[in-house]
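Structure record follows, encoded as structure tokens.
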Amino acid sequence: MRNIPCDLSNYTARVAEVPGVKIAKDEKGREFEVTDRQTGEKKFAVSLFLKAKVRGEKGEEVRFTLDADPGEGFEEGMVVELIAPRMSPYSFKNKDGETVSGVAFAAVGLKSVASF
């Protein structure tokens, strides 16, 4: 299963690292810009600090891949909302034969939340 919608409405999301073009490394350690396999469009990444709106619970920093450029104006600490967030579990064997498993988070985009 991939691209499972996730409901983050009970969480406050703050920018921990401003959005930028997503960068990965090839097998030789060279960096390259990540693009969509079908469209060739650049992917973007943002790190958010997610904290449950329930008092007393600790938060966690989560990195999201964004399908589109979120634009300018995002700053550290800014409260934001993800557009159509989703998650995809993964599992693979690395070059050392170890199994690596986890969950990748993504969203269509990102928007700022108005402050009152």
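Every number here is computed from the coordinates shown, using simple stated rules; none is lab data. Everything numeric here is computed off the predicted structure, so don't read it as measured data. Cβ: placed from backbone, ideal geometry, glycine included. Neighbour counts: every protein chain shown.
Taking amide H as placed 1.01 Å from N in the peptide plane, the amide H of GLY109 sits under 5 Å from that of ASP67, ILE83, each at least 5 places away or on another chain. Annotation: peptides 56-66, 8-18, ranked by per-residue average of other Cβ atoms within 10 Å with the highest first, follow the order 8-18, 56-66.
Based on alpha-carbon positions alone, could you give the equivalent ellipsoid semi-axes of the chain from the gyration tensor, as √(5λ), descending, whole Å? Can you show the working numbers first?
Numbers: eigenvalues 134, 68, 36 Å².
In descending order, the three semi-axes are 26, 18, 13 Å.
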